[in-house]
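The values are calculated or read from the model by the stated rules, or taken from the named source; none is laboratory data. This one's a predicted model, so the numbers in the text were calculated from it and none came from an experiment. With ideal geometry, Cβ positions are generated from the backbone for all residues, glycine too; neighbour counts draw on all protein chains shown. Protein only, heavy atoms only, side chains kept; ligands, DNA and RNA dropped before computing areas. Shrake-Rupley method; radii C 1.70, N 1.55, O 1.52, S 1.80 Å.
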Amino acid sequence: MALSTACGSALPDYDYSAEPDPRQREFVLGISDKLRIDVWKNSALSTEAVIRPDGTITLPLIGNLPAAGKTPTELKQAVRKSLSRYVKIDGLEITIAVTEVNSYRFTVTGEVGQPGIYTATQYTTIAEAIAMAGGFTRYADTDAIVLLRRDKDSGSVRRIPIVYSAIATGTHPEMNLVLLAGDSLFVP
């Protein structure tokens, strides 16, 4: 592992640019998110729904439909396909609106003022998450932080090294990753 030095701390050889930035793609629906589904000119098929712990929603005529893990566009296509079995779809416009984001949760643990599970209504960076958790305790090793991130496809957990002094000084802003739902930030 090649190391470079900045801020007096060894920097890990890690490709931070390979990590996804959720701000650059469509929102992915998750458990507890609230939705408004409108079927144009058909109020009987329009509804509000909350994504249940099993990842599904219930819609008039259709019944249960998987929603967690889909984007609103993907869910719109699934609703359209399911409705086409019961009604003529030509000319029907379907709108999926996310009315409340509740699935964006992450954990901050270790040597911070208030460790715990946090939710946010907007995407949060590592520095913002640490601030939300009350900052560091005096015992924190701020240059040995680890971001634990589960790979969506394989299920394996990646350990992403974070050197906070490189973020704080602005010398390596690429380390200030945007947290994904389910991420866990550990401050030793």
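Just tell me which lysines come within less than 28 Å, Cα to Cα, of residue 88; anything on the same chain fewer than 8 places away is out.
Reachable lysines: 34, 41, 70, 76.
For the chain, what's the relative contact order in percent, using C-alpha pairs closer than 8 Å and at least 6 residues apart? Provide the component values of the computation, followed by the final result.
Details: 361 pairs, mean separation 40.1, N = 188.
Taking the mean separation of contacting Cα pairs over the length of the chain, I get 21 percent.
Which one, 18, 45, 55, projects farthest toward the positive side of the charge dipole computed for the range 15-111 from Cβ point charges (K/R +1, D/E -1)?
Value: 45.
Just how much of residue 169 is accessible, in Å², when a 1.4 Å probe is used and the result is rounded to the nearest 10?
Only protein atoms counted, so the area is about 90 Å².
With θ taken as phi - 60° and the coefficients 6.51, -1.76 and 1.60, list the Karplus ³J(HN,Hα) couplings across the range 145-153 in order, rounded to whole Hz; mark glycine and proline as x.
5, 10, 9, 9, 9, 7, 6, 4, 7
How about residue 152: which aspartates and glutamates have a C-alpha closer than 20 Å to its C-alpha, ignoring those fewer than 8 places off in the same chain?
15, 19, 21, 26, 33, 54, 74, 183
Select from 136, 66, 113 the residue farthest towards the positive end of the dipole of the chain; place +1 on Cβ of Lys and Arg, -1 on Cβ of Asp and Glu, and compute about the Cα centre.
The listed residue farthest towards the positive side: 66.
Between residue 18 and residue 181, what is the spin-label point distance in nm, taking each point 7 Å from the Cα along the Cα→C-beta axis?
About 2.6 nm, to one decimal.
Using +1 on the beta carbon of Lys and Arg, -1 on that of Asp and Glu, and nothing else charged, what's the dipole of the chain about the Cα centre, debye to 20?
Value, rounded to 20: 800 debye.
Report in % the part of the accessible area of the chain that belongs to carbon and sulfur, leaving out ligands and nucleic acids; probe 1.4 Å.
Answer for the chain is 52 percent, counting heavy atoms of protein chains only.
Can you work out the Karplus-derived ³J(HN,Hα) for every residue in the range 125-139? Use 6.51 cos²θ - 1.76 cosθ + 1.60 with θ = phi - 60°, whole Hz, and x for glycine or proline.
Taking θ as phi minus 60°, the curve returns 8, 4, 4, 5, 5, 5, 5, 4, 8, x, x, 7, 7, 6, 9 Hz for the range 125-139.
Classify the range 1-101 as rounded, prolate or oblate from the Cα gyration tensor: take a ≥ b ≥ c as the square roots of its eigenvalues, call it rounded if a/c is under 1.5, otherwise prolate when a/b beats b/c and oblate if not.
prolate
Would you pull out the residues with amide H under 5 Å of residue 143's amide H, same chain only if 5 or more places away, H placed 1.01 Å from N?
It is 164, by chain and number.
Taking the 0 to 90 degree range and rounding to the nearest ten, how far is the long axis of helix 72-83 tilted relative to the main principal axis of the chain, both from C-alpha atoms?
The answer is roughly 20 degrees.
So what J values fall out for the range 47-62 if you push phi through Karplus, 6.51 cos²θ - 1.76 cosθ + 1.60 with θ = phi - 60°, rounded to Hz, Gly and Pro as x?
Per-residue couplings from phi come out as 7, 10, 8, 10, 6, 6, x, 7, x, 10, 10, 10, 10, x, 6, 7 Hz.
Non-local amide H neighbours of residue 100 (under 5 Å, H modeled in plane, Pro and chain starts lacking H): which ones?
34
Determine the dipole magnitude for the range 1-112: charges of +1 sit on the beta-carbon of Lys and Arg, -1 on that of Asp and Glu, nothing else is charged, the reference point is the Cα centre, and the result goes in debye to the nearest 20.
720
Keeping every protein chain present and rolling a 1.4 Å probe, give me the accessible area per residue for the chain in Å².
Ligands and nucleic acids excluded, the result is 55 Å² per residue.
Which shape class applies to the chain: rounded if a/c is under 1.5, otherwise prolate when a/b exceeds b/c and oblate if not, where a ≥ b ≥ c are the square roots of the Cα gyration tensor eigenvalues?
Numbers: a/c = 3.24, a/b = 2.59, b/c = 1.25.
The shape class here is prolate.
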